[in-house]
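Student: One structure coming up, written as structure tokens, with questions to follow.
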Amino acid sequence: MTVRLRSIELIVEDSAAAADFLTGTWGMAEAEVRGGTHYLRGSGRHPYLVALEQGDAPAVRSVTFTCSAEELDGIRARAGSAAIPVRADDPGGGEGVLVAMPEGECFRFLANCEEAAPLEGRDLPVQLTHVVVNSCDAEATADAAERLLGFRVSDRTKGMVFVRCNDSHHSTAFARAGFTSLNHIAFEMQDIDAVMRGIGRLRDQGMAPAWGPGRHGPGANVFAYFVAPFGPVVEFSTAVEKVADDYKVGAPEDWTWPENRIDQWGLSNKDNEALRAAEERFRFAAPAQQPA
Ligand SMILES: [Fe+2]
């Protein structure tokens, strides 16, 4: 599998303010402004990681993956009528399909995308490492990801189903939330130091993590979650586990914590109320992609 998570396309109420936060504090670089939409990138070869389109209410337009032409054919064949042909007019171009997942989540798959020259910068995110979605029925959504997209479930916990599209333990996950929305966007930093310096940059702006720093169970990645001023939960992350094709799918009983622990380090508290409010904010917009 060489399907790769590339980007998330968001509608926000103040795209300039959101871009200011993500470039000025979070650590991203401006890629370009096209048609009023801000495109922000990291140090890796993806032309952008986050698109910020101005709109009346926050929403997720799509979560975008890149793949080969052959993989795209496979997704078309598996997804059937759930796959709407699209041509991307975002940086990097490409064409592919928009797959409407069972609860209306728009997952976009593009082939023939252009890449960009990498950027230097130890505080730039390298790329997105995962986008987690809240689901009414996380098991049904994960099942659809396997059936329609060819993704594989890596682990199940009490709260989530973790799903991979390549050898990274998870590029997406579906949270057992009881509603459908964006749970969070995780940015891959180059190492733990870059995560820690990021926490420091936000601290300079008076912001504390809503959860973290810590190290997760499934995927074993380091994390620090914040509620961004423009609404969503964003995460600094690094070093997610690589898994082999025969990775044994873990069950909730394989992923329990001792009393008072919810990560491997046990350093931080979790602001469940702030996270929950932010996790409900970004719903999925109805597809409005340019047809191919
Ligand atoms: Fe995460």
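Student: To the nearest 20 Debye, how big is the dipole of the stretch 147-257 about its Cα centre, given +1 on the beta carbon of each Lys and Arg and -1 on that of each Asp and Glu?
Tutor: Working: 12 positive and 12 negative charges, 62 e Å.
Taking the Cα centre of the stretch 147-257 as origin, the dipole is about 300 debye.
Student: Still on this structure, I have one more. If you add up the charges near residue 266, with Lys and Arg at +1 and Asp and Glu at -1, over every other residue whose beta carbon is less than 15 angstrom from its beta carbon, what do you get? Display every interim value, and only then the final one.
Tutor: Numbers: positive: 215, 261, 270; negative: 259, 263.
My count for the surroundings of residue 266 gives +1.
Student: Could you give the size of the charge dipole of the chain about its Cα centre, using +1 on the Cβ of each K and R and -1 on the Cβ of each D and E, expressed in debye and rounded to the nearest 20? Write out the running numbers ahead of the final one.
Tutor: Working: 28 positive and 42 negative charges, 44 e Å.
That gives a dipole near 220 debye.
Student: Then there's this: Of the peptides 175-188, 203-216, how do they stack up when ordered by the mean number of other Cβ atoms within 10 Å, highest first? Intermediate results must be reported in sequence, preceding the final value.
Tutor: Working: 175-188: 21.6, 203-216: 16.7.
The densest-packed peptide leads the list: 175-188, 203-216.
Student: So for the stretch 17-161, taking the charge dipole from beta-carbon charges (+1 Lys/Arg, -1 Asp/Glu), which of 26, 127, 77 sits furthest toward the positive end?
Tutor: 77
Student: OK, next. Does the stretch 4-119 classify as rounded, prolate or oblate by the C-alpha gyration tensor (a ≥ b ≥ c root eigenvalues; a/c under 1.5 gives rounded; else a/b over b/c gives prolate, otherwise oblate)?
Tutor: Working: a/c = 2.46, a/b = 1.46, b/c = 1.68.
Verdict is oblate for the stretch 4-119.
Student: Can I ask one more? Which residue, chosen from 266, 284, 59, occupies the Cα position most advanced towards the positive end of the dipole of the chain, where the dipole is computed from +1 (Lys, Arg) and -1 (Asp, Glu) charges on Cβ about the Cα centre?
Tutor: 266
Student: Here is a follow-up. Can you bin the stretch 143-194 into rounded, prolate or oblate? Criterion: square roots of the alpha carbon gyration tensor eigenvalues sorted a ≥ b ≥ c, rounded for a/c under 1.5, prolate for a/b above b/c, oblate for the rest.
Tutor: On the way: a/c = 2.07, a/b = 1.36, b/c = 1.53.
Verdict is oblate for the stretch 143-194.
Student: Near residue 121, within a Cβ-to-Cβ distance under 15 Å, what is the net charge of the other residues, with Lys and Arg +1 and Asp and Glu -1?
Tutor: Numbers: positive: 41, 45, 122, 197, 201; negative: 30, 120, 123, 188, 191, 193.
Net charge around residue 121: -1.
Student: Here is a follow-up. Lys and Arg at +1, Asp and Glu at -1: add these up for the other residues within a Cβ distance under 11 Å of residue 95 and post the number.
Tutor: Working: positive: 87, 108; negative: 89.
So the surrounding residues net to +1.
Taken together, the values in this text are just the output of simple stated rules run on the coordinates, not laboratory data. Keep in mind that what you see is a predicted model, and the values were worked out from it rather than measured. Cβ sites come from the backbone with ideal geometry, for glycine too, and all protein chains shown count toward neighbours.
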